[in-house]
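Q: I am attaching a structure below and will ask some questions about it afterwards.
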Amino acid sequence: MDLELVADGFSFPTGLTFDADGVAYVAEAGLPFGGAAPGGRVWRLPPNGGRQLLVDRLRPPVNGVTAHDGTLYVSEGGHPARISRLPLDGDRPLEPVLDHLPGPGNYHTNMVAFGPDGKLYFSQGAMTNSGVVGLDAYDLGWLRRLPHDHDLPGFDVVLTGAEAETANPLGGEGSRAHTGAFVPFGSRTRAGQRIGATLPCTAAIMRCNPDGAGLELVAWGLRNAYGLGFLPDGRLLAVDQGADDRGSRPIGNAPDVLFEVRQGAWYGWPDFIDGKPVTDPAYRPQRGPAPVPVLANHADLPAPQRALLRFPPHTAAVKFDVDPANSDLLVALFGDEKPMTAPAGPRVGRAVVRVDPDDWSLHPFVAGPLLRPIDVRFHPTDRELYVLDFGRFEMTADGSVAAEASTGRLWRIADR
């Protein structure tokens with residue numbers, strides 16, 4: 001499989017899209033790693049080469065850009081998070097569609113996808129690894145702050161009262177903090193405590209009209225559905241990133257999964273993974289005690305949904321596109337972020353894989369020279385596959401980030 005370089009020199013790009021004429025647009029996260037300038041950016045790549053900066057100083061991390069009906073929709077991670085739109089037919093400025101979305105937190109407002117109903121669909125990542133705000137916020141290179149926002153449920157929930165005890169860096173020397181689920185750091189909860197659903201919420205997929213009106217919940221309990229897309233038959237798919245072995249409620253060996261998203265469904269977070277409870281021995285962590293349930297009203301919630309496909313743990317499945325020739329899915333695997341998210345071990349991911357929708361089986365597709373593939377898109381006219389590479393980005397043993405600006409690239413696969 002031959003990779004042809006289309007453009008390089010991007011600093012931590014996260015999103016690729018094509019307009020109706022086949023012009024490419026690339027969004028950069030705006031994370032100030034490796035000497036990169038802070039603030040997200042969107043570039044236009046004219047067919048004759050070069051690039052044009054359309055907008056900068058976006059709220060980092062920018063997690064996606066989507067062209068739809070002559071407009072770019074940009075997902076700005078924070079803080080606060082928002083979805084903005086930029087018309088492509090003139091000099092009108094960037095304007096918010098949805099503002100004051102949840103954040104800051106572990107994860108953010110993610111990419112936009114438009115459905116056959118004309119609605120704007122997007123996912124909102126969880127504020128925490130598994131429902132409890134913990135000291136792992138200090139270990140996340142893109143966050144490094146405490147306190148940060150807590151999670152907001154999409155359904156009415158009842159708590160078990162389970163909580164975590166940690167050191168309290170916000171208090172005096174030797175002080176301890178007790179933190180429950182769905183509450184700020186250092187806040188205690190009790191068994192039977194009720195927390196009502198909110199909108200917007202976290203760990204969810206929501207939709208609205210293209211102008212932001214009519215916001216509604218589609219589904220809840222997807223920890224971080226970083227990739228969204230529709231099949232030709234109108235079904236919505238989401239790539240949901242599994243919990244990590246870190247923080248106050250670590251979970252071990254959790255896979256990333258591919259879900260079919262159904263209206264009103266619950267996808268299990270924070271107490272189930274692919275329909276199995278986090279108390280299952282398969283999810284026993286190495287970095288802390290076995291997790292216990294934080295929700296007491298499982299019987300009142302929809303049955304947790306099962307996945308179509310489980311990706312290998314820590315491969316960090318991200319965005320995907322549907323092959324117009326045969327409806328196969330091509331999925332980017334960003335790769336592990338060890339030792340931050342799990343104990344040290346062999347590197348995994350850093351490739352593009354193929355998923356056969358006939359049996360939801362996983363197959364190799366292409367790997368090197370990719371560093372951190374993060375998005376894949378088929379060109380609307382020539383139907384060639386383009387792969388966006390985030391660039392050099394690794395976690396070190398001391399919890400810092402080893403990253404190099406301007407190493408992001410856009411590749412084309414002409415011969416499939």
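Quick note: the coordinates plus some simple rules give every number you see, no bench work behind them. Keep in mind the model is a prediction, meaning the values are calculated, not measured. Ideal geometry is used to build each Cβ from the backbone, glycine not excepted, and the neighbour counts take in all protein chains shown.
Q: Along the positive direction of the dipole of the range 179-236 (beta-carbon charges: Lys, Arg +1; Asp, Glu -1; about the Cα centre), which of Ala203, Val218, Ala181 reaches farthest?
A: After comparing all options, I get Ala181.
Q: Also, quick follow-up: Using each residue's phi in the range 11-20, evaluate 6.51 cos²θ - 1.76 cosθ + 1.60 at θ = phi - 60° and report the 3J(HN,Hα) Karplus result to the nearest Hz, with x for Gly and Pro.
A: Residue by residue, the range 11-20 yields 9, 6, x, 10, x, 10, 8, 10, 7, 5 Hz.
Q: With an 8 Å Cα cut-off and a minimum separation of 6 or more residues, compute the relative contact order for the range 355-416 in percent.
A: 25
Q: Sort the following peptides by mean Cβ neighbour count (other Cβ atoms within 10 Å, averaged over residues), highest first: 291-304, 199-212.
A: 199-212, 291-304
Q: For the pair Arg92/Ser175, report the inter-label distance in nm, with labels modelled 7 Å from Cα in the Cβ direction.
A: 5.0
Q: Ok, one more. May I ask you to compute the full-extension gain from Arg306 to Val158, defined as 0.36 nm times their residue separation minus their alpha-carbon distance, rounded to one decimal in nm?
A: Working it through step by step, the gained length comes to 51.0 nm.
Q: Here's a follow-up. If each of Ser327 and Asn48 carries a label point 7 Å out from its Cα toward its Cβ, how far apart are those two points in nm?
A: Calculated label separation equals 4.2 nm.
Q: To continue, here is another question. Report the one residue of Leu54, His100, Gly34 whose Cα lies farthest in the direction of the positive end of the charge dipole of the range 1-116 (charges on C-beta: Lys and Arg +1, Asp and Glu -1; origin at the Cα centre).
A: The Cα lying farthest towards the positive end belongs to His100.
Q: Out of residues 5 or more away from Gly212 or on other chains, whose amide H comes under 5 Å of its own, with H placed 1.01 Å from N in the peptide plane?
A: Result for Gly212 returns nothing.
Q: Just to check I understand the Karplus step: with θ = phi - 60° and J = 6.51 cos²θ - 1.76 cosθ + 1.60, what whole-Hz values come out for the range 348-354, glycine and proline as x?
A: 3J(HN,Hα) across the range 348-354, in whole Hz: 9, x, 6, 7, 10, 10, 10.
Q: To continue, here is another question. Each residue of the range 115-127 in order: what ³J(HN,Hα) in whole Hz does its phi give by Karplus 6.51 cos²θ - 1.76 cosθ + 1.60, θ = phi - 60°, with x for Gly and Pro?
A: Coupling constants for the range 115-127: x, x, 7, x, 7, 8, 9, 8, 10, 10, x, 6, 7 Hz.
Q: Using Cα pairs closer than 8 Å and at least 6 residues apart in sequence, work out the relative contact order for the chain, in percent.
A: Relative contact order, the chain: 15 percent.
Q: Name the long-range amide H neighbours of Met111: under 5 Å, sequence gap of 5 or more, or other chain; modelled H, no Pro or chain starts.
A: Those lying under 5 Å, H to H, from Met111 are Ser123.
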